[in-house]
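Structure first, then comments.
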Amino acid sequence: MKPGILVSRHVFPEAIDILQPVAEIHYHDSSTGLSAEDLQAAVVGKEAVVCQLTDKIDAAFMDSGSDLKVISNVAVGFDNIDIPAANERGIVVTNTPGVLTDTTADLAFTLMVSAARRISEADRFLRAGRWEQWEIDMMTGHDIHGHTLGIFGLGRIGQGMARRAGGFDMRVIYHDAMRATPEQEAEWGVENVDRDTLFRESDFLSIHVPLNDATRHAVGKDEFALMKPNAVLVNTSRGPVVDEKALADALEQGQIASAGLDVFEEEPIVEPRLLALENIVLVPHIGSASIKTRTRMCTMAAENAAAVLTGQRPPNPVNPEVL
Ligand code: GLV
């Protein structure tokens, strides 16, 4: 008998094609995720799960799925999964790194340009029939070229931002818990700075750190106090890295100029004060949402799960110590 796998919500069909030959698939083929209770019921007797960032994969879930060998997340981030609990139970967790780097960096750069040049605000203005004449100071925003991009977290996506900034004649500074080598800094055209300098000197600050205890609310009141009044904040990493209430204060008080957010503290809920502001571009967690990239993320997750189920090493373990 083939091992059982739970696919927790709708995926691109190519993923199912990969899983079909190796597993008995329990497919919750819906755009709505399962509740914690239903997830626990659905994982009973399964050896694998293909899950998404909306699924909270905690110790209770793992105990319901007492046969679980692999938890395969269709995302690069894995803050929805309790990794220590998986380690204790010897369950391998996998993710989908690399494939979404450029797609997400494209969106981060787009948010940066949109916020600086007031694209969504201008679109709303025009559609509302408020455009009566050309005016010298109408919808004037901030230049990108010649300005400083600060990258908070120089992982793959942060590096992707640095590459894009090169094409826009920007100076690029960064801060990361792990400093790049001098050779990498020279190759990528980035300057290392301390944390406060990053916030003080950036005209554009783009966040690319993972969410963990050290980065939760890493950008809040104290950081906004350091930032320039013309600064634009961009977040495509995880919502809770930014204190949304402090961001609303900073935008309302003109402490920073504008922001572009793809991720939120309590998705899909958005802080109402942010919704009320003109100087922010808001999109619904679509950083990696190109057809090609989302398809590849699904097939990668299926390949990771299929590898474990057939006794092979998965290509993308996040806790390889359990293998
Ligand atoms: C998306 O947010 C991801 O982590 O892949």
Fill in the blank from the handout: Within the range 250-294, the residues that are within 16 Å of the ligand (Cβ to nearest atom), β-branched (V, I, T) and more than 30 Å from E201 (Cβ to Cβ) are I291, T293
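Yes or no, residue by residue, for (1) closer than 23 Å to T54 by Cβ; (2) touching a Leu at 6+ places or on another chain (Cβ under 9 Å):
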{"residue": "L275", "(1), (2)": "yes, yes"}
{"residue": "E278", "(1), (2)": "no, no"}
{"residue": "H285", "(1), (2)": "yes, yes"}
{"residue": "T293", "(1), (2)": "yes, yes"}
{"residue": "A301", "(1), (2)": "yes, no"}
{"residue": "A306", "(1), (2)": "yes, yes"}
{"residue": "L309", "(1), (2)": "no, yes"}
{"residue": "R313", "(1), (2)": "no, yes"}
{"residue": "E321", "(1), (2)": "no, no"}
Problem - Selection count, the range 111-163, where residues are under 21 Å from E278 (Cβ atoms), open to solvent by 50 Å² or more (accessible area, probe 1.4 Å) and either of a type in the set (K, R) or in contact (Cβ under 8 Å) with a residue 60 or more places away in the chain (or both) - result: 7
Practice task
Answer yes if at least one residue in the range 295-313 is under 16 Å from G77 (Cα atoms), outside the structural domain of V49 (by TED's automatic domain parsing) and within 13 Å of the ligand (Cβ to nearest atom), and no otherwise.
Solution key: no
Handout entry: Candidate set: the range 71-93, residues that are small (G, A, S) and within 14 Å of the ligand (Cβ to nearest atom); chosen: the one surrounded by the most Cβ atoms within 10 Å (Cβ to Cβ)
Key = S72
Completion exercise
For the range 161-203, the count of residues that are hydrophobic (A, V, I, L, M, F, W, C) and touching a Ser or Thr at 6+ places or on another chain (Cβ under 7 Å) equals 3
Exercise for the section: Test D38 against the stated conditions and say whether it is of a type in the set (D, E), at pLDDT 95 or above, within 16 Å of the ligand (Cβ to nearest atom) and at negative phi. Expected result: no
Fill in the blank from the handout: Listed by range, strands (runs of 3 or more DSSP E) wholly within the range 186-268 having at least 2 residues that are of a type in the set (G, A, S) and in the same structural domain as R164 (by TED's automatic domain parsing) are 258-261
Practice task
State whether the residues of the range 194-210 include one that is touching a residue at least 60 places away in the same chain (Cβ under 8 Å), within 20 Å of H285 (Cα to Cα) and open to solvent by 10 Å² or more (accessible area, probe 1.4 Å).
Solution key: yes
Completion exercise
Filtering the range 8-35 down to residues that are hydrophobic (A, V, I, L, M, F, W, C), more than 16 Å from the ligand (Cβ to nearest atom) and open to solvent by 30 Å² or more (accessible area, probe 1.4 Å) yields I18, V22, I25, L34
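The values are calculated or read from the model by the stated rules, or taken from the named source; none is laboratory data. Every value quoted in this text rests on a predicted model; they were computed, and no experiment measured them. Glycine gets a Cβ as well: all are built from the backbone with ideal geometry, and neighbour counts include every protein chain shown. Please note that ligands, DNA and RNA were not included when accessible areas were found on the heavy atoms of the full protein model with its side chains. Shrake-Rupley method; radii C 1.70, N 1.55, O 1.52, S 1.80 Å.
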